[in-house]
Amino acid sequence: MKLNTKTRYGIRAMIELAMDWGGKGMFQKEISERQEISYKYLDHIISALKTKGLISNVDGKKSGYRLAKKPEEISVYDIYKAFEPALQIVDCIGEHGECVRAKNCAASDLWCGLNNKIIEHLDSINLSELAKKQQALNQRDEKADMYYI
């Protein structure tokens with residue numbers, strides 16, 4: 001399983017917005033610069049996040065963006081679903097039903113179980129947790145950049 005670039009960048013953009021939770025909102029340019037994501041590419045990411053109801057525009061002239069829900073109410077799986085089709089690690093499981101061999105395949109339960117574990121893991125991590133971790137990493141980097149005479 002490999003996540004596409006939009007999913008990875010979408011998670012990074014959402015972490016940035018989560019760190020601004022309660023603020024005035026963030027301009028796309030700020031997100032682009034802080035996360036080193038092309039401004040134009042970020043357009044596609046923001047559009048998908050808005051379509052899924054994860055972010056919204058801040059009211060007013062020259063508005064920015066903010067999370068549509070509290071960071072603790074948004075899971076990584078919610079963000080994943082904005083960019084990826086339903087999680088299906090193998091073709092023989094998923095929305096089209098089991099394959100014809102499922103009843104006689106020892107690996108069928110393995111694939112279904114693994115698929116469910118991945119979904120459970122992504123759903124168990126919320127944006128608030130990631131934002132706190134990112135803030136701690138940012139503070140560590142700021143301290144490392146300091147030097148004393």
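Go through the range 17-45 and count every residue that is outside any loop (DSSP other than H, G, I, E, B), farther than 14 Å from residue 56 by Cα and charged (D, E, K, R).
5
Of the numbered conditions (1) at pLDDT 90 or above; (2) within 30 Å of residue 132 (Cβ to Cβ); (3) loosely packed, with under 14 Cβ neighbours inside 10 Å, residue 45 satisfies every one except a single condition; which is it?
So the condition that residue 45 fails would be (3).
Considering only the range 94-143, state which residues are among the basic types (Lys, Arg) and either closer than 22 Å to residue 1 by Cα or modelled with pLDDT of 95 or more (or both).
If the condition is that a residue be among the basic types (Lys, Arg) and either closer than 22 Å to residue 1 by Cα or modelled with pLDDT of 95 or more (or both), then 117, 132, 133 are the ones that fit.
Being among the hydrophobic types (A, V, I, L, M, F, W, C) and surrounded by 15 or more Cβ atoms within 10 Å (Cβ to Cβ) is the filter; apply it to the range 22-42 and report the residue that is farthest from residue 84 (Cα to Cα).
26
When you check residue 75 against the structure, is it among the hydroxyl-bearing types (Ser, Thr, Tyr) and over 11 Å from the mean Cα position of the chain (by Cα), yes or no?
no
Is there any pair with a first residue in the range 51-70 that is in a strand (DSSP E or B) and a second that is of a type in the set (Lys, Arg) whose Cβ atoms are under 9 Å apart and which are 6 or more apart or on different chains, and what are they?
55/66; 56/50; 56/66; 57/50; 57/66; 65/50; 66/24
Taking into account only those residues within the range 57-81 that are among the polar types (S, T, N, Q) and at pLDDT below 95, which is nearest to residue 122 (Cα to Cα)?
Applying the filter and picking the extreme gives 57.
Quick check on the range 48-88: of everything there that is among the small types (Gly, Ala, Ser) and surrounded by 15 or more Cβ atoms within 10 Å (Cβ to Cβ), which residue is nearest to residue 117 (Cα to Cα)?
Filtering the range 48-88 for residues that are among the small types (Gly, Ala, Ser) and surrounded by 15 or more Cβ atoms within 10 Å (Cβ to Cβ), the one nearest to residue 117 (Cα to Cα) comes out as 75.
The values are calculated or read from the model by the stated rules, or taken from the named source; none is laboratory data. Quick caveat: nothing in here was measured; it's all calculated off a predicted structure. Ideal geometry is used to build each Cβ from the backbone, glycine not excepted, and the neighbour counts take in all protein chains shown.
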